[in-house]
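The values are calculated or read from the model by the stated rules, or taken from the named source; none is laboratory data. The shown structure was predicted, so the numbers you read here are calculated from the model rather than taken from an experiment. Quick reminder, even Gly has a Cβ in these numbers, built from the backbone with ideal geometry, and neighbours come from all protein chains shown.
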Amino acid sequence: MIEPREQPSPKSPARRRWARARAALLVALAVLSSAGCGSRDVEPDDGHRLDVGANGRIEFAVESTEPIKRGFNTFHVRLTWTDSRDPAQRMKLRCYASMTGMGHGSVHEGTEIEPGLYEVADVPFGMGGLWDVQCRALTSSLIDEAAFEFDVH
């Protein structure tokens, strides 16, 4: 007498369906692993930005002292008059950092460390995602501002 097999024959329909399903699963896993399962596998944001203010009077050159990261970040902001290209000195620089979709935000004052160069220290990016930083230069007779976006990983 022939004993029954515990597993179906390799040619049985159930075995072929399982082999196809397993192959499809392996292909899907290979595709997802190369794409990072939705995560972005990119270099850290270097934090360099350049823009002319909304009123067109001041150029804002923002540079992070190190790549943008979660936690505290320090920026150097060079303010230059667009008409003369001279440093914009003795300005009051205020930066507003916010993650608008989440309601996170903070305000920071810049300190002039050399003519036209301001340091904005300890800007907290508490979580990964897109953060908006608005820099506003103020004097008694002028307000100009520029907005920058940073991708925090």
Handout entry: First in the stretch 117-128 and among the small types (G, A, S), second anywhere and at pLDDT below 95 and assigned to a strand (DSSP E or B), Cβ under 7 Å, 6 or more apart
Key = G126/H104; G128/V152
Handout entry: Residue that is surrounded by the fewest Cβ atoms within 10 Å (Cβ to Cβ), among those in the stretch 102-122 that are of a type in the set (G, A, S) and within 16 Å of L79 (Cα to Cα)
Key = G116
Practice task
Taking the options G116, G110, G101, G53, name whichever one is at pLDDT below 95 and small (G, A, S).
Solution key: G101
